[in-house]
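Before any comments, here is the structure.
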Amino acid sequence: MNAQTDIPRLVRELRERTGLTQEKFAAKLGVTFPTINRWENGRARPLPLAMQKIEEMLRSMGERGSDLLVEISGKDTL
């Protein structure tokens, strides 16, 4: 992951692009609502397994997730 990644913005943007509430986004990632809330507020960072799930979600979104994927992975393409 890119050291410059803004995790709170990334998580919030992905959640909004998928149209999910924090509760539903948490369920999709297998974490709790307070965990998503802490990520979005910058009080905690996702563990590597959660980041892997986030990256998988971005890949599954195709073009809609490609800019965020580049941001977290540093890769130019899907």
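Taken together, the values in this text are just the output of simple stated rules run on the coordinates, not laboratory data. A quick note: this is a predicted structure, and the numbers were derived from the prediction, not measured. Positions of Cβ are backbone-derived with ideal geometry, glycine not excepted, and every protein chain shown enters the neighbour counts.
Which value results when the Cα radius of gyration for the stretch 7-73 is divided by 2.2 N^0.38 Å?
Ratio of Cα Rg to 2.2 N^0.38 Å: 0.98.
Normalised by the number of residues in the chain, what is the relative contact order in percent for Cα pairs under 8 Å and 6+ residues apart?
Over the chain, the number comes to 32 percent.
At 0.36 nm per residue, minus the direct Cα-Cα distance, what do Arg59 and Phe33 gain on full extension? Give it in nm, one decimal, please.
Result: 7.1 nm gained on full extension.
Helix 7-18 against the longest principal axis of the chain: what's the angle in degrees, Cα atoms only, rounded to the nearest 10?
For 7-18 against the chain, the angle is about 90 degrees.
Highest mean first, what order results for 12-21, 65-74 on Cβ atoms within 10 Å?
65-74, 12-21
Amide H of Ala44: which non-local residues (sequence gap of 5 or more, or other chain) have their own amide H closer than 5 Å, using H built in the peptide plane?
Excluding prolines and chain starts, which carry no amide H, the hits are Trp39.
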